Amino acid sequence: MNEYGTSQWTNWAGNQTCRPARIVAPRDVEELQLAVADAAAAGLGVRVVGSGYSFTPLACTSGVMVDVSGLTGAVAVDAELSTARAPAGTTVRDLASSLWERGFSLLNMGDIDNQTIAGALGTATHGSGLRLKSFSGALRSADYVAADG
C-alpha cells in the first residue's frame, strides 16, 4: 500500500484543501481493510477520495484519507439482469467503455467522466434531465469495509 504521510490534499478545483494525518492508497481490498482497521485502532476518522472531483469538503479530513483510485480491475456484467459490478476506483470513463464493448451503456452520464465510481456514487453525481436518477439512484448493491476492517 502506498502511504503519503502528512501531505496536503487539494481537490481538482482548488477550493477544498486539508492536511490529513495520513493519505493511503490501497491496491486491493485486503490493503483497504488494513488501512481502515489501523485508522480505527489509532482513533482516527476515515474519509474516502477518488479523483477529487467534488466541490464540497466531503473528502477533507484531519484523520486518514483513503485514495481508492488504485482499486481497479475487471468490470463484471450480468447480461440477464442488466447489471454491472465495478471496483471502487474504476473511473466512469472506464466503466462506460467496458459496458459499451459488451453492448450496454450507462443510463445517465455527466460531462466529466474521470470520477471514480465510488466518488460518483458517494457524491450523487448526475448527468442531465429531470427524470434521470443520479449514479447512486442506480446502485443495487455494494461491498463496504467497516471500522473493524
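Worth a mention:
- Only listed residue being touching a helix residue (DSSP H, G or I) at 6+ places or on another chain (Cβ under 9 Å), of a type in the set (S, T, N, Q) and closer than 23 Å to residue 39 by Cα, chosen from 61, 125, 90, 72: 72
- Options 84, 39: the member that is small (Gly, Ala, Ser) and more than 19 Å from residue 120 (Cα to Cα): 39
- Residue in region 108-121 that is closer than 16 Å to residue 12 by Cβ, modelled with pLDDT under 85 and not aliphatic (A, V, I, L, M) present: yes
- Matching residues, region 108-123, being open to solvent by less than 70 Å² (accessible area, probe 1.4 Å), part of a loop (DSSP other than H, G, I, E, B) and touching a Gly at 6+ places or on another chain (Cβ under 8 Å): 108, 110, 115
- Scanning region 125-137 for residues that are surrounded by fewer than 15 Cβ atoms within 10 Å (Cβ to Cβ), closer than 19 Å to residue 93 by Cβ and at pLDDT 80 or above gives 132, 136.
- Any hit, region 96-107, residues being closer than 30 Å to residue 21 by Cα, open to solvent by less than 60 Å² (accessible area, probe 1.4 Å) and within 17 Å of the chain's Cα centre (by Cα): no
The values are calculated or read from the model by the stated rules, or taken from the named source; none is laboratory data. Computed from a predicted structure; not experimentally measured. Here the Cβ is made from the backbone with ideal geometry for all residues, glycine too, and neighbour counts use every protein chain on show. For accessibility, only protein heavy atoms count, side chains too; no ligands or nucleic acids. Shrake-Rupley method; radii C 1.70, N 1.55, O 1.52, S 1.80 Å.
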